[in-house]
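Engineer: For reference, the structure I am asking about is given below.
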Amino acid sequence: MSPDKMKSYWRKNLRYLFILLLIWFAVSYGCGVLFADSLNTIRIGGFPLGFWFAQQGSIYVFVALIFVYVYLMNRLDREYDVDEK
């Protein structure tokens, strides 16, 4: 792979990482801490929604983001022809 193509590949990879980690931060910190009081007016299974996001929701979002990252990286690898065949 040429150096320019490699730089482009890693730039896209880092962009994916930054966006996905920003989403995770927004869900875990935003919903679990900053917006917890307003979310606590909604209840799920008897527990306030803010508490649920702080305890469970951010973990579920993180696991979902792992699957999204795998999908995006597989697509990126095929685009740059560095996928496993």
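Engineer: Which numbered condition trips up residue 21, out of (1) at pLDDT below 85; (2) within 16 Å of the chain's Cα centre (by Cα); (3) not β-branched (Val, Ile, Thr)?
Structural biologist: Exception for residue 21: condition (1).
Engineer: Assuming residue 4 fulfils every condition listed in (1) surrounded by fewer than 13 Cβ atoms within 10 Å (Cβ to Cβ); (2) in contact with a helix residue (DSSP H, G or I) (Cβ under 7 Å, 6 or more places away or on another chain) apart from one, which condition is it?
Structural biologist: Only one criterion is unmet by residue 4, namely (2).
Engineer: Sticking with this structure for a sec: Could you list, in sequence order, the residues of the stretch 1-19 that are in a helix (DSSP H, G or I) and either closer than 13 Å to residue 79 by Cα or among the acidic types (Asp, Glu) (or both)?
Structural biologist: Scanning the stretch 1-19 gives 4, 5, 6, 8, 9, 10, 12, 13.
Engineer: What pairs come out if I take residues in the stretch 29-40 that are free of Cβ contacts under 8 Å to residues at least 60 places away in the same chain and pair them with residues that are among the aromatic types (Phe, Trp, Tyr) whose C-beta lies under 6 Å away, six or more apart or interchain?
Structural biologist: Every condition considered, the pairs that remain are 31/53; 32/53.
Engineer: May I pose another question? Which ones in the stretch 49-74 are aromatic (Phe, Trp, Tyr), buried (at least 17 other Cβ atoms within 10 Å of the Cβ) and in contact (Cβ under 8 Å) with a residue 40 or more places away in the chain? It would help to see each step written out before you state the result.
Structural biologist: Pass one, the stretch 49-74, residues aromatic (Phe, Trp, Tyr): 51-53, 60, 62, 67, 69, 71.
Okay, now just the ones that are also buried (at least 17 other Cβ atoms within 10 Å of the Cβ), so 52-53.
Across the stretch 49-74, there are no qualifying residues.
Engineer: Test of understanding: among 46, 50, 30, which residue is modelled with pLDDT under 90, among the small types (Gly, Ala, Ser) and in contact with an Asp or Glu (Cβ under 8 Å, 6 or more places away or on another chain)?
Structural biologist: Matching residue, one of 46, 50, 30: 50.
Engineer: Another question about this same structure. Conditions: (1) open to solvent by 70 Å² or more (accessible area, probe 1.4 Å); (2) under 18 Å from residue 83 (Cα atoms); (3) more than 13 Å from the chain's Cα centre (by Cα). Residue 14 meets all but one. Number of the miss?
Structural biologist: Exception for residue 14: condition (3).
The values are calculated or read from the model by the stated rules, or taken from the named source; none is laboratory data. All of these numbers come straight from a predicted model, not from anything done at the bench. Counting neighbours? That spans all protein chains shown, and the Cβs are built from the backbone with ideal geometry, glycine included. Side chains are part of the model used for accessible areas, which takes the heavy atoms of the whole protein and leaves out ligands, DNA and RNA. Shrake-Rupley method; radii C 1.70, N 1.55, O 1.52, S 1.80 Å.
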